[in-house]
Amino acid sequence: MKKTSWFIAALALALAGSLAQAAGGKVKVTPLGTMEGEFCSLDRAMIFEDPDGTRILYDAGRSVAGADDPRLGKIDVILVSHMHGDHLGNAHIKAPNSGTCGKPDVSESALPNSNTVNIALAKKAKIVTGSEMPPFFANRLKANGGDPKDSILVRFGASLKLGGVTIATVPALHSNGLDPDYIGGELGKSMKEAGIAGDVGLATGYVLKFSNGLVAYLSGDTGITAEQDKVVHGYYKAKLAVMNIGDTFTTGPSEAAYVINSLVKPAAVIVSHANQPSTEGGKLIPGSRTAKFIKAVKVPVHIPLSGKTMEFDGKAKCVAGC
């Protein structure tokens, strides 16, 4: 065999081996909540790690203890579903286990940047959002010495591949006003006095396709939408869902169960955004929204216990940590 042919054959084998390894790899999901080993009222944040090592932080909110939180590690991408303080992070805990599960101590202010921007600056991570949110992040990054190009737009119907993960955005039915505290100055003061927020377009959900074939739907804060059937299920064919169940502000347990059972139809779901303590000592609290959701859903439901990593194969079967 000629040297050139040998090299091409070796390269092909190496590539095939790499693809096979990625296909057989596991996606790691690590919740970053306020209290270790629990699922608490303000818990939103999760890290998704692709088999190739790409790490995505979803909705840092108030439960990540700032950019120095040792639980973060390397972060490549940050996703923000919308600009409300419990997702963007107008404040945050000083450290895990600050306060209680029902009332975490979130007295550390992150204004005027937000917890999200501070983490992005420290980790040199890209912030990927849809709608009209990217200019806000670009401006905050630039004002703090970061690169405004690290704020990346992916509007509905589009997708972007970063590392081994393809990121697409889908509609979320929810309000998305920017708190005047982020705007500041006389304009921010006047808006606050008038009780209005800055319009940054529609809230956003995400669909992530990982290198092992797993497709995950991150609902953000949303009500019931037709797109959950036609787009998330029909087009993207999501197998894992992260579903909000908080009620009043988003879908409640029964509405969220309808989304899972009749619209998205995933193979498994991670519950999110319960707006109340859901566990005590790591065990499900009977009668909680999470308990009601689990009872109503037809597929396996995984509770995001803070700090406990779950691992999923390409078909959304949890193979470790659940």
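For residue 150, are the conditions met, namely being open to solvent by less than 50 Å² (accessible area, probe 1.4 Å) and of a type in the set (Asp, Glu)? Answer is yes for this residue. Here the condition is being touching a strand residue (DSSP E or B) at 6+ places or on another chain (Cβ under 8 Å) and more than 28 Å from residue 314 (Cβ to Cβ); of 256, 291, it holds for 291 alone. Can you find a residue in the range 279-291 that is more than 19 Å from residue 130 (Cα to Cα), under 18 Å from the mean Cα position of the chain (by Cα) and among the basic types (Lys, Arg)? No: the range 279-291 contains no residue that is more than 19 Å from residue 130 (Cα to Cα), under 18 Å from the mean Cα position of the chain (by Cα) and among the basic types (Lys, Arg).
Residues in the range 111-127 that are part of a loop (DSSP other than H, G, I, E, B) and buried (at least 24 other Cβ atoms within 10 Å of the Cβ): 1 in all. Scanning the range 160-182 for residues that are touching a Gly at 6+ places or on another chain (Cβ under 6 Å) and either part of a loop (DSSP other than H, G, I, E, B) or more than 25 Å from residue 272 (Cα to Cα) (or both) yields a total of 3.
Evaluate the following for residue 146: is it within 13 Å of residue 120 (Cα to Cα) and at pLDDT 95 or above?
Taking the combined requirement at face value, the residue satisfies it.
Of everything listed in (1) in a helix (DSSP H, G or I); (2) within 21 Å of residue 62 (Cα to Cα), the single unmet condition for residue 291 is (2). Within the range 282-322, the set of residues being open to solvent by 60 Å² or more (accessible area, probe 1.4 Å), of a type in the set (A, V, I, L, M) and more than 18 Å from residue 36 (Cα to Cα) comprises 319 only.
Residues in the range 58-91 that are open to solvent by 20 Å² or more (accessible area, probe 1.4 Å) and under 21 Å from residue 305 (Cβ atoms): 62, 70, 71, 73, 86. Being of a type outside the set (D, E, K, R) and under 23 Å from residue 207 (Cα atoms) is the requirement here; does residue 190 meet it? Answer is no for this residue.
Only one of the listed residues (102, 53) is at positive phi and either of a type in the set (Phe, Trp, Tyr) or over 16 Å from the mean Cα position of the chain (by Cα) (or both). That residue is 53. For the range 23-56, the set of residues classified as acidic (Asp, Glu), assigned to a loop (DSSP other than H, G, I, E, B) and open to solvent by 40 Å² or more (accessible area, probe 1.4 Å) consists of 36, 52, listed by residue number.
The values are calculated or read from the model by the stated rules, or taken from the named source; none is laboratory data. Please read all numbers here as calculations on a predicted model, not as lab measurements. As a convention, Cβ positions derive from the backbone with ideal geometry for all residues, glycine included, and neighbour counts pool all protein chains shown. When the accessible area is computed, the model is the full protein with side chains, heavy atoms only, and any ligands, DNA or RNA have been set aside. Shrake-Rupley method; radii C 1.70, N 1.55, O 1.52, S 1.80 Å.
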